[in-house]
Amino acid sequence: MAKPKKAAKAKAKAASKKPARQVLKLRAKKPAAKAARRIGPSRPSAKPWGQAGRALDGVRILDFTHVQSGPTCTQLLAYMGADVIKVERPGVGDITRTQLRDVKGADSLYFTMLNGSKRSITIDSKHSKGREILDRLVKACDVLVENFAPGALDRMGLTFAHIHKLNPRMIVASVKGFGPGPYEDCKVYENVAQCAGGAASTTGFRDGPPLVTGAQIGDSGTGLHLALGIVAALYQRQRTGRGQKVLCAMQDGVLNLTRVKLRDQQRLKHGPLTEYSQYGEGIQFGAAVPRAGNDSGGGQPGWILKCKGWENDPDAYIYFITQAPVWGAICDLIGRPEWKSDPDFATPPARLPRLKQIFAAIEQWTMTRTKFEVMETCNQHDVPVGPILSMKEIAEEQSLRATGTVVEVDHPTRGPYLTVGNPIKLSDSPPDVRRSPLLGEHTDEVLREVLRYSAKEIADIKASGALSAAEKKAEAA
Ligand code: COA
């Protein structure tokens, strides 16, 4: 009896030592933890929710972005309260102002829907005076965001070393097509990234070519990634006092969104992908992840099924998920209660080789109802389904207007238009969704209020041709 007592004592002693070491470790970490706590005021604001300003109030962004990827990022930051100053080429502006134009003489929806809540200033970045103004902007801003072709920013003289020297707190955020490596100098657009990031090879039907998706995962997806990187860098700057480079390659962004397919690529080594319908159809898998049609990317099999009216309406379809916990409810709904106990259908593994047969039976039922009727009935039984909503239906959907996800804004030259508001809802930071600026609309305002140029200096700048295309020609001549 004495021995176990001794052993227990020794154990207790050892155990009592462990926490002591842990305490020491915690103590060692304390200064860092304290420093983190010092960021911002120590007491919570007493202001009512939504009246304590916006999340990014006080952050000023030098927005050198164009087309879609970069503008997506800066628009989101503007919605969250950042002061976004978009620098555009005099007389031309962002190329999308005139692309896909639907209203003669007015900025296109391509532009207006990606540049809301920003200010626009025109500066010729290759003009000596223009360079001087840009340097002043660098000093006055917190973040520079750009998505030029590789090397373009450096060719303007805005190397990271130059920027960092002028303003060590500046965060320089870039979208590029590819990260460092063999393709780093390539220009890239949306679909190039969808293909190079692995999305296209895994999208579409097995017997068809690779397919790109309508969702702009290369452009808007990478813009979203960049916004997160910028906010993280701003947070780190609170501790370090210095800016840094933030780089998002479109290939990387697309791959991040296609990660489930890289998961499947590794699973292939261990056998067929049983949730892919080609498994049930007895078709061999090759060396790479195949296109999976409308198979669900997760562990719950799903497919797109016809609904009432599909003969005339291309969107009369619904995505139906045969989630295991509600299998019984599905069997009852579609009039196949016997499948609940039939060993060929009762368990998820038994169903995997029979998915085609199962979805054909469910479709017989969905075809008797509209997609909205199917949704209503299924949701009563917790069966997850997704009606295929057309863009017309989304534009008219009142609940999306109510939440501010779809917003109507007015525009001086094109009239009212719909835009996508902030999809990220912050309970203490109401979104600031306003129309896009006209080309150079805020040039004077920014020179005067942000850069503190006097009226005389502004007149001189204008005369120099640094802000206007026509005068630039005069300078060249
Ligand atoms: N004043 C004077 N010149 C200006 C200017 C200004 N205010 N703003 C831009 N420019 C010039 C740049 O200096 C550059 O000139 P340079 O090539 O002589 O140095 C040029 O305009 C911009 O070039 P670039 O970015 O190559 O435009 P592009 O239309 O040829 O290419 C992309 C467009 C999108 C293919 C390219 O910018 C790119 O690959 N970007 C990175 C990836 C990306 O974001 N792609 C998605 C876009 S949605």
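The values are calculated or read from the model by the stated rules, or taken from the named source; none is laboratory data. All of these numbers come straight from a predicted model, not from anything done at the bench. Please note: Cβ atoms are built from the backbone with ideal geometry, for glycine as well, and neighbour counts cover all protein chains shown. Heads up: the accessible areas ignore ligands, DNA and RNA and are worked out on the full protein's heavy atoms, side chains in. Shrake-Rupley method; radii C 1.70, N 1.55, O 1.52, S 1.80 Å.
Starting from 0 in steps of 10 Å, tell me what percent of the Cα-Cα pairs of the chain lands in each bin.
Using 10 Å bins, I get a P(r) of 4, 15, 21, 21, 17, 13, 7, 2, 1, 0, 0 for the chain.
So how do 260-273, 440-453, 162-175, 105-118 stack up, highest first, on mean other-Cβ count within 10 Å? It would help to have the intermediate numbers written out before the result.
Working: 260-273: 13.1, 440-453: 17.2, 162-175: 20.2, 105-118: 22.3.
Ranked from most to least packed, the peptides come out as 105-118, 162-175, 440-453, 260-273.
If you take the beta carbon distance between GLN357 and VAL92 as r and set R0 to 41 Å, what does 1/(1 + (r/R0)^6) give as a FRET efficiency, to the nearest 0.05?
On the way: r = 59 Å, r/R0 = 1.43.
Rounded to the nearest 0.05, the efficiency is 0.10.
Quick check on segment 271-316: what are the equivalent-ellipsoid semi-axes from the Cα gyration tensor, as sqrt(5λ), descending, whole Å? The partial results should precede the final answer.
Working: eigenvalues 148, 23, 17 Å².
Equivalent-ellipsoid dimensions as semi-axes: 27, 11, 9 Å.
Roll a 1.4 Å probe over the protein heavy atoms and report the accessible area of VAL246 in Å², nearest 10.
That residue has around 20 Å² of solvent-accessible surface.
How big is the antiparallel share of DSSP beta bridges in the chain, given as a percent to the nearest 5? Let's see the in-between values first.
Values: 12 of 33 bridges.
Just about 35 percent of them are antiparallel.
First select every other residue whose beta carbon is under 13 angstrom from the beta carbon of SER201; then total the charges, Lys and Arg +1, Asp and Glu -1. Intermediate values should be presented prior to the final figure.
On the way: positive: ARG206, LYS261, ARG291; negative: ASP264.
It works out to a net charge of +2.
Applying 1/(1 + (r/R0)^6) with R0 = 41 Å to the Cβ-Cβ distance of ILE39 and GLN398, what FRET efficiency is obtained, to the nearest 0.05? Present the calculation step by step, with values, prior to reporting the outcome.
Values: r = 40 Å, r/R0 = 0.99.
It comes to 0.50.
Hey, can you grab everything whose amide H is under 5 Å from the amide H of VAL67? Only 5+ residues off in sequence or another chain; H modelled, so Pro and N-termini drop out.
Placed amide hydrogens put ILE95, THR96 under 5 Å from VAL67.
With viscosity set to 0.692 mPa s and temperature to 37 °C, compute the Stokes-Einstein D of segment 316-420, Rh being the Kirkwood radius across alpha carbon pairs; µm²/s, no decimals.
On the way: Rh = 16.1 Å.
Using the Kirkwood radius from Cα pairs, D works out to 204 µm²/s.
What is the set of long-range amide H partners of VAL406 at a cut-off below 5 Å, with H atoms built 1.01 Å from backbone N?
Counting only residues 5 or more places away or on other chains, the set is ARG401, GLY421.
Which of the aspartates and glutamates could a cross-linker bridge to LYS371, judged by Cα under 17 Å and excluding same-chain residues fewer than eight apart?
Hits, sequence-local ones excluded: GLU311, ASP313, ASP315, GLU363, ASP382, GLU393, GLU396, GLU397.
Could you provide, to the nearest whole Å², the per residue accessible area of segment 130-210 with probe 1.4 Å?
Details: 3770 Å² over 81 residues.
Value for segment 130-210: 47 Å² per residue.
Distance between the C-alpha centers of segment 430-472 and segment 216-232? Whole Å please.
28 Å
Can you tell me the length gained on complete extension of the stretch ASP154 to ASP207, counting 0.36 nm per residue apart and subtracting the Cα distance?
On the way: separation 53, 0.36 × 53 = 19.08 nm, distance 4.56 nm.
Full-extension gain reported as 14.5 nm.
From the P(r) of segment 228-268, can you give the percent of Cα pairs sitting at distances over 15 Å?
Values: 469 of 820 pairs.
Roughly 57 percent, once rounded to a whole number.
Order 128-140, 212-224, 399-411 from most to least packed using the mean count of other Cβ atoms within 10 Å. List each step's numbers first, then the result.
Values: 128-140: 17.8, 212-224: 21.2, 399-411: 14.7.
Ranked from most to least packed, the peptides come out as 212-224, 128-140, 399-411.
Rounded to whole Å and sorted largest first, list the principal axis extents of the Cα atoms in segment 372-431.
In descending order, the Cα extents are 48, 30, 13 Å.
Give a residue-ordered list of calculated ³J(HN,Hα) values for segment 236-248 (Karplus: 6.51 cos²θ - 1.76 cosθ + 1.60, θ = phi - 60°; whole Hz; x for Gly, Pro).
5, 4, 4, 8, 8, x, 10, x, 7, 8, 10, 10, 10
Can you sort MET80, MET391 by solvent-accessible area, 1.4 Å probe, largest first?
MET391, MET80
For the chain, which whole percent of the accessible surface, found with a 1.4 angstrom probe, sits on carbon and sulfur atoms? Walk me through the numbers on the way to the answer.
Values: 14780 of 26090 Å².
Result for the chain: 57 percent of the exposed heavy-atom area is carbon or sulfur.
Take the Cα radius of gyration of segment 226-375 and divide it by 2.2 N^0.38 Å, with N its residue count; two decimals is plenty.
Details: Rg = 21.4 Å, N = 150, 2.2 N^0.38 = 14.8 Å.
This ratio for segment 226-375 stands at 1.45.
Quick one: which of LYS86/LYS176; LYS139/LYS176; LYS176/LYS425; LYS269/LYS425; LYS47/LYS118 span more than 30 angstrom between C-alpha atoms?
Working: LYS86/LYS176 19 Å; LYS139/LYS176 24 Å; LYS176/LYS425 28 Å; LYS269/LYS425 41 Å; LYS47/LYS118 27 Å.
Violating the 30 Å limit, Cα to Cα: LYS269/LYS425.
Give the angle, between 0 and 90 degrees and rounded to the nearest 10, that separates the Cα long axis of helix 371-380 from the longest principal axis of the Cα atoms of the chain.
Tilt of helix 371-380: around 70 degrees.
For segment 156-311, what are the per-bin percents of Cα-Cα distances with bins 5 Å wide, up to the bin holding the maximum?
For segment 156-311, the binned pair fractions read 2, 8, 14, 15, 15, 12, 11, 8, 6, 5, 3, 2, 0, 0 percent.
Under 18 Å Cα-Cα from LYS129, which aspartates and glutamates qualify once same-chain neighbours fewer than 8 residues away are excluded?
GLU88, ASP154, ASP444, GLU445, GLU457, ASP460, GLU471, GLU475
Hey, what do the phi angles of segment 199-213 turn into as Karplus ³J(HN,Hα) couplings, whole Hz, using 6.51/-1.76/1.60 and θ = phi - 60°, x for Gly and Pro?
Once θ is set to phi - 60°, the couplings for segment 199-213 become 6, 5, 5, 10, 10, x, 9, 3, 8, x, x, x, 10, 8, 9 Hz.
So, with +1 on the Cβ of K and R and -1 on the Cβ of D and E, and no other charges, what is the size of the charge dipole of the chain about its Cα centre, to the nearest 20 debye?
In total the dipole reaches around 4180 debye.
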